[in-house]
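Right, one structure below, let's go through it.
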Amino acid sequence: MAQDRIIAGIDIGTTKICALVGRVTPGRPIQILGTGIMPANGLSKGVITDIDQATESIREAIRKAERPSGFSIRSAYVSVGGAHIGSQNCDGVAAIGRGDRPIIRDDLDRALENARAIPLPHNRQILHSIPREYTIDEQRNIKNPLGMIGYRLEVEAHVITGSRTAIQNIAHCVEANDVQIAEIVLQPLASCEAVLTDDERKQGVALIDIGGGTTDLAIVFGGGFWETKVFPVGGNHISNDIGWALHVPFPAAEDAKVRYGHAVAAEVDSGDEIDMPVFGGEGHQRFSRQQICTLIEERVTEMFETVNKHVHDVGVADYLAAGIVLTGGCADLSGIRTVAERVFQMPVRLGAPQSMAGRFESLANPKFSTAVGLLEWGRKKIQAEPPTVQDGELGAEGGFWWWLRNTLNRLAP
């Protein structure tokens with residue numbers, strides 16, 4: 001009988017670092033056991049800018065997550081993002097033979113490995129290679145060729161790459177806290193695992209993850225990932241616009257955006273005013289809330305228009321029957337769904353993690369989609385390749401002590 005497993009995820013974003021510990025039980029939602037959230041010091045747009053500060057922020061997030069869970073994190077799925085992320089679609093081929101045997105997993109691996117054989121600059125590395133569709137002897141649109149008969153297997157793969165140094169710096173900060181990396185996962189891919197439904201995946205959907213420093217796009221069609229893109233603009237740019245236009249400090253602009261912001265200025269009372277500190281030694285000054293919301297609406301519209309242009313440029317706009325799912329820290333901005341519907345001219349919904357259990361209800365928020373998605377990603381890996389844990393080994397599962405505690409829990413009345 002399959003046993004419970006304990007896994008961990010560490011989401012390293014521009015504004016926050018979130019560490020989660022969860023229990024994976026076959027047939028049940030992931031149970032969140034511990035959560036640790038810290039400001040992302042030493043990072044800018046998802047990229048490490050100060051090793052010591054970033055390492056300390058990750059350390060504190062890990063400690064906070066370990067405390068309520070009762071487990072030590074020794075291995076974790078870690079997110080990565082940033083404008084350095086790139087992607088391209090590549091083809092790979094594998095000869096099956098005389099067509100006298102069914103296709104096996106090794107054939108799929110060989111075809112995908114050939115698709116990964118692309119020339120890369122020395123400072124870039126492959127993060128993910130995701131099959132889009134297979135072809136067997138010119139028969140296209142095959143999703144799962146295992147067990148089928150053929151002479152020639154072809155795969156069209158979506159290959160995601162990133163800056164080698166940026167990825168190594170993230171790995172260094174995590175491993176400096178005595179945590180091994182189970183896998184580095186692109187942030188929008190993790191978010192998809194937490195917020196998309198099976199129907200949306202099959203019919204075609206675009207997930208837009210709006211973080212502090214970047215806006216990430218993942219297009220899912222036919223059940224698989226079809227396109228990914230990272231845009232170097234996010235929620236912090238909205239706050240910067242307010243700060244520059246009104247000559248107020250960034251923290252005050254960020255606070256005004258969060259507390260009073262609305263992406264549709266016309267829906268705000270023109271008589272509302274906000275008191276904010278200003279530069280120049282003049283203390284505080286009152287500003288029209290509608291003026292601030294106009295700045296927000298202009299930036300949000302520009303962000304969505306940039307994403308919409310890319311969606312049309314890659315030719316997938318007509319395949320998004322399920323429309324748009326907005327998630328990420330900026331997705332709960334009032335009125336943002338209205339602007340998205342206006343720009344994309346298709347259905348839009350807000351996406352937040354739902355399929356989880358535990359006492360951490362606050363995680364059912366768009367800003368935690370990536371963190372929860374890392375656990376969902378890990379759950380799929382466990383289901384696909386059940387790992388074995390040696391007696392006395394202490395990994396993400398807790399080793400012998402995890403086994404003992406789990407056994408006692410199951411025996412308890």
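The values are calculated or read from the model by the stated rules, or taken from the named source; none is laboratory data. Quick caveat: nothing in here was measured; it's all calculated off a predicted structure. Cβ coordinates were reconstructed from backbone atoms using ideal geometry, including for glycine residues, and neighbour counts include every protein chain displayed. Quick note on the areas: whole protein, heavy atoms, side chains included, nothing else; ligands and nucleic acids left out. Shrake-Rupley method; radii C 1.70, N 1.55, O 1.52, S 1.80 Å.
Results for (1) under 19 Å from THR15 (Cβ atoms); (2) open to solvent by 20 Å² or more (accessible area, probe 1.4 Å); (3) in contact with a helix residue (DSSP H, G or I) (Cβ under 6 Å, 6 or more places away or on another chain), shown as yes or no for each residue.
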residue	(1), (2), (3)
ALA331	yes, no, yes
ARG337	no, yes, no
ALA340	no, no, yes
VAL348	no, no, yes
GLN354	no, yes, no
GLY358	no, yes, no
GLU361	no, yes, no
LYS367	yes, yes, no
GLY373	yes, no, yes
- Out of (1) farther than 29 Å from THR14 by Cα; (2) part of a strand (DSSP E or B), the odd one out for SER129 is which? (1)
- Query: Within the bounds of segment 309-332, is there any residue that is out of contact with any strand residue (DSSP E or B) (no Cβ under 8 Å at 6 or more places or on another chain) and polar (S, T, N, Q)?
  - Reply: no
- Message: Quick check on segment 193-204. Is at least one of its residues of a type in the set (S, T, N, Q), buried (at least 19 other Cβ atoms within 10 Å of the Cβ) and touching a residue at least 24 places away in the same chain (Cβ under 8 Å)?
- Response: no
- In this structure, is HIS310 surrounded by fewer than 21 Cβ atoms within 10 Å (Cβ to Cβ) and within 13 Å of ILE208 (Cα to Cα)? yes
- Item | Count of residues meeting criterion [among the acidic types (Asp, Glu) and part of a helix (DSSP H, G or I)] in segment 227-241 | 1
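Suppose the filter is of a type in the set (Phe, Trp, Tyr), open to solvent by less than 40 Å² (accessible area, probe 1.4 Å) and touching a Lys or Arg at 6+ places or on another chain (Cβ under 8 Å); does PHE231 pass it?
Values: of a type in the set (Phe, Trp, Tyr): yes; open to solvent by less than 40 Å² (accessible area, probe 1.4 Å): yes; touching a Lys or Arg at 6+ places or on another chain (Cβ under 8 Å): no.
When the stated conditions are applied, PHE231 does not pass them.
Scan ILE219, ILE136, ILE170, ILE149 and give me the residue that is touching a strand residue (DSSP E or B) at 6+ places or on another chain (Cβ under 7 Å) and surrounded by fewer than 18 Cβ atoms within 10 Å (Cβ to Cβ). Talk me through it step by step, then tell me what you get.
Details: ILE219 fails: surrounded by fewer than 18 Cβ atoms within 10 Å (Cβ to Cβ); ILE136 fails: surrounded by fewer than 18 Cβ atoms within 10 Å (Cβ to Cβ); ILE170 fails: surrounded by fewer than 18 Cβ atoms within 10 Å (Cβ to Cβ).
The match here is ILE149.
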- Checked segment 162-209 for anything closer than 24 Å to GLY351 by Cα, of a type in the set (Val, Ile, Thr) and in contact with a Leu (Cβ under 9 Å, 6 or more places away or on another chain); matches are ILE184, VAL185, VAL195, VAL205, ILE208
- Look through segment 101-129, keep the residues that are touching a Leu at 6+ places or on another chain (Cβ under 8 Å) and closer than 15 Å to VAL159 by Cβ, and return whichever of them is surrounded by the most Cβ atoms within 10 Å (Cβ to Cβ). ALA111
- Message: Let me spell it out: the conditions are (1) at pLDDT below 95; (2) closer than 26 Å to LYS367 by Cβ; (3) over 26 Å from the mean Cα position of the chain (by Cα); (4) of a type outside the set (S, T, N, Q), and PRO251 meets all of them except one. Which number is the exception?
- Response: (3)
- Query: Considering only residues of segment 245-297 that are outside any helix (DSSP H, G or I) and polar (S, T, N, Q), which is surrounded by the fewest Cβ atoms within 10 Å (Cβ to Cβ)?
  - Reply: SER270
- Message: Among the residues in segment 33-48, are any over 21 Å from the mean Cα position of the chain (by Cα) and either surrounded by 15 or more Cβ atoms within 10 Å (Cβ to Cβ) or not in a loop (DSSP other than H, G, I, E, B) (or both)?
- Response: no
- Message: Among the residues of segment 76-90, are any modelled with pLDDT of 95 or more, open to solvent by 10 Å² or more (accessible area, probe 1.4 Å) and not basic (Lys, Arg)?
- Response: yes
- Within the group THR327, THR338, THR301, which residue is touching a Gly at 6+ places or on another chain (Cβ under 6 Å) and touching a residue at least 40 places away in the same chain (Cβ under 8 Å)? THR327
